[in-house]
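Notes follow once the structure below has been shown.
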2 protein chains.
Amino acid sequence: MQSGEDKLIARYFKPLARHPGALGLTDDAAFYTPPEGYDLVLTTDAVVSGVHFLPDDPADAIARKALRVNLSDLAAKGAAPTGCLMTIALPPAFSEGWLRDFCAGLQSDCEAFGCPVFGGDTVRTDGPLSVSIFTFGIVPHGAMVRRKGAKPRDRVVVTGTIGDGALGLRLLRDPAKAQAWSLNQAQAGHLVDRYRVPRPRMAMATSVRAFASAAMDVSDGLVGDLAKLCDVSGVSAVIEVDAIPLSGAARRALHAEPSLIETIATGGDDFEILCAIAPEHVRAFQDHARAAGIAATDIGEIVEGEGPPRVIGADGALLTFEHASFSHF
Amino acid sequence: MQSGEDKLIARYFKPLARHPGALGLTDDAAFYTPPEGYDLVLTTDAVVSGVHFLPDDPADAIARKALRVNLSDLAAKGAAPTGCLMTIALPPAFSEGWLRDFCAGLQSDCEAFGCPVFGGDTVRTDGPLSVSIFTFGIVPHGAMVRRKGAKPRDRVVVTGTIGDGALGLRLLRDPAKAQAWSLNQAQAGHLVDRYRVPRPRMAMATSVRAFASAAMDVSDGLVGDLAKLCDVSGVSAVIEVDAIPLSGAARRALHAEPSLIETIATGGDDFEILCAIAPEHVRAFQDHARAAGIAATDIGEIVEGEGPPRVIGADGALLTFEHASFSHF
């Protein structure tokens, strides 16, 4: 009596639904009892084959990326993840082996991040594979950190390193670049891995709540995302290009091809936390980050005024970029 | 500085985000403060062009269907809607006029159902248009009605009429059927409308909570969905085919082509509430339904045992169907 769809759900998705409210995915809906005194934080992101990941990326990495781009939003808002729901549109040619690997990657991340699957919908499509994940988390009532709130004199701080994901995508599209950029195998692998599997900075959520006046995650490009944060806060910013934190691999690529600074600063796929922090709190934020094994780098200053952030080069001259960030349209 | 994507969001999606927690869609995430003593009810559904709706269905109807299939799940669980998030994958050829109409349909329904948009993600795809909506609602703590819980001697009750949506799809695929089924224009229009724009039975949510021992919405076909409810409840059922509530249009089509009973009983796209109700509560449930202007029809009985529900024909013989319900795989 079970349909093919029911069998897929029972075999592959049910093991992801560890929360009792998920009812083993045997119901129309799930339930969740929110803890008293907390707000829910809600976010959703869709990833499409050929747009957000490459068709031959490993299935488990696709699942991890689909979840982690959501978790990165929660971390930047100061929230702890609680659960997720997923819709997946499978093309006719998908194999059960692919789905098994996809679900193995998802299960591993759901467990690692404490974010079980509460429900979903599996449909077919004649188009490319796509995955939409909706994630919900919690923060103490009123404590969600917004993009709005950056104040003049705040420092602009970013976690981790910038540009690895965008450079990884360039490498996947043109593997010959590894040699042109003088990268060894480990360095090339690092960049590709950062494109495929973001590192959402969940360990920084409480520090973001404690110290940031405004925060967001860097997904569409550092310069463009900073512009969004400034715009909604009614301020501008000045950042030093030399202060942007780079991995060893990115630094080497940039040395070989200096114009890559545009890819690094505007390419996106970073999934780091970008925040504005009052000068007196920067040190404490950085101490918390260090304790979590995460870099937190002061790259510039929030300033009065309007208009996009100014990016100052090593020579003191203003840098300009063709596109400040990635846009689908 | 605004990207094309930002402009689309500001122009078309922001007016849908009326809840203060949505922050006008200018942030990475939204927040929601759940009322004390309530559980959240969470559900998600995806609709894909050519699978769940036809490519030339009106844009506003596609939006309404995408939301209403979710709302129907909430109603069947006894929940009141609170809000939704949406991801939409737009093919290269989409027009802004199409998007304007889509958002107008969505806005009208978000307002009518008290279900504002809290967030979303707009991406492009080389494949068919698809829309994933995640909806959350609330019920008093512990009160979500499940599929599990049907007991022998409970009556099987269904709201509204069954088969209209599936017949409407048949008509859209083969308009000559209208004449073959002796339907006038209004009758044909009724069936097509029910396919395109489901009627989620939100007015029945409190009655479902008060009286149903188990409930679900009929989306994949009456017989198959009843089988799912019985399976998870550890019971079986017997229903009378003559008791299945039909619209005038469906009755006429069935009279012209008796084999349509299979489409009606197993075709899906009904989005009515199917529930098991103890015999002593059926009258009260029907009274509540009548007061809300909704039919609630007793179509059979939950019985002990296992296995799929038995469907008894007018002649007392057992009916069998090739597929009990729609499955994507």
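FYI, it's all coordinate maths here, none of it is from the lab. Quick caveat: nothing in here was measured; it's all calculated off a predicted structure. Here the Cβ positions follow ideal geometry from the backbone for every residue, glycine too, while neighbour counts run over all protein chains shown.
For A:Lys7, the lysines whose Cα comes closer than 29 Å to its Cα, not counting residues fewer than 8 places off in the same chain, are A:Lys65, B:Lys65, B:Lys77, B:Lys148, B:Lys151, B:Lys228.
Averaged over the residues of peptide B:115-125, the number of Cβ atoms from other protein chains lying within 10 Å of each residue's Cβ is 5. The charge dipole of the range B:4-140, taken about the Cα centre with unit charges on the Cβ atoms of Lys, Arg (+1) and Asp, Glu (-1), comes to about 180 debye, rounded to the nearest 20. Think of the axis that spins chain A onto B; the A residue whose C-beta lies nearest it, and the distance in whole Å, is A:Gly127, 1. Using a Debye calculation, one point per C-alpha and no hydration shell, please list log10 I(q)/I(0) for the range A:84-176 at q = 0.13, 0.17, 0.21, 0.22 Å⁻¹ in order. Each listed q corresponds, in turn, to -0.80, -1.09, -1.17, -1.18. In this Cβ point-charge picture (+1 for Lys and Arg, -1 for Asp and Glu), the protein assembly as shown has a dipole of about 560 debye about its Cα centre. Mind checking which of B:Ala292, B:Gly137, B:Leu74 is farthest towards the positive end of chain B's charge dipole, using Cβ charges of +1 (Lys, Arg) and -1 (Asp, Glu) about the Cα centre? My answer, from the dipole projection, is B:Ala292.
Projecting the Cα atoms of A:Ala22, A:Pro116, A:Ala93 onto the charge dipole of the range A:4-140 (Cβ charges, centred on the Cα centre) puts A:Pro116 farthest toward the positive pole. Is the shape of the range A:186-230 best called rounded, prolate or oblate, per the rule: a/c under 1.5 gives rounded, else a/b larger than b/c gives prolate, else oblate, with a ≥ b ≥ c the square roots of the Cα gyration tensor eigenvalues? Note, shape of the range A:186-230 comes out oblate.
Mean residue ellipticity, 222 nm, helices only, chain B: the sum of -39500 (n - 2.57) across DSSP H runs of n ≥ 4, divided by residue count and rounded to 500, is -10000 deg cm²/dmol. Taking the Cα atoms only, what angle lies between the long axis of helix B:279-291 and the longest principal axis of chain B, rounded to 10 degrees? Around 50 degrees separate the two axes.
Helix B:222-233 and the longest principal axis of the Cα set of chain B meet at an angle near 90°. Quick one: plug the Kirkwood hydrodynamic radius of the range A:172-263 (C-alpha pairs) into Stokes-Einstein at 4 °C, 1.567 mPa s, and report D in µm²/s. Result for D is 84 µm²/s. With a 10 Å cut-off around each Cβ of A:136-145, the average count of Cβ atoms from other chains is 3.
Counting Cβ atoms of other protein chains within 10 Å of each residue's Cβ and taking the mean over peptide B:46-52 gives 5.
Across the options A:Ala186, A:Ala203, A:Cys230, the greatest Cα extent toward the positive end of the charge dipole of the range A:155-319 (unit charges at beta carbon of Lys, Arg, Asp, Glu) belongs to A:Ala186. Going by neighbour counts of Cβ atoms within 10 Å, the residues A:Thr297, A:Thr266, B:Thr87 line up, fewest first, as A:Thr297, A:Thr266, B:Thr87.
When A:Gly97 is represented by a point 7 angstrom out along its Cα-to-C-beta vector, the spacings to that point in the other copies are 4.8 nm, nearest first. The range A:44-88 to the range B:217-255: how many Å between their Cα centroids? That distance is 38 Å. Under the convention that each Lys and Arg Cβ holds +1 and each Asp and Glu Cβ holds -1, the size of the dipole of chain B around its Cα centre is about 500 debye. Under the rule a/c < 1.5 gives rounded, and otherwise a/b versus b/c splits prolate from oblate, where does the range B:97-136 land using the Cα gyration tensor? Note, shape of the range B:97-136 comes out oblate.
Note on B:Ser49, B:Ser95, A:Ser72, B:Ser259: ascending count of other Cβ atoms within 10 Å places them as B:Ser259, B:Ser95, B:Ser49, A:Ser72, the fewest first.
Ascending distances from the B:Asp242 label point to its copies in the other chains, with the point 7 Å along the Cα-to-beta-carbon line: 9.2 nm. Sorting A:Phe31, A:Phe13 by the number of Cβ atoms found within 10 Å of their own Cβ, with the fewest placed first, yields A:Phe13, A:Phe31. Distances between copies at A:Pro175, taken between label points 7 Å from Cα along the C-beta direction, are 5.3 nm in increasing order. Oblate is the label for chain A. Its Cα gyration tensor axes, ordered a ≥ b ≥ c, give a/c of at least 1.5 and b/c at or above a/b.
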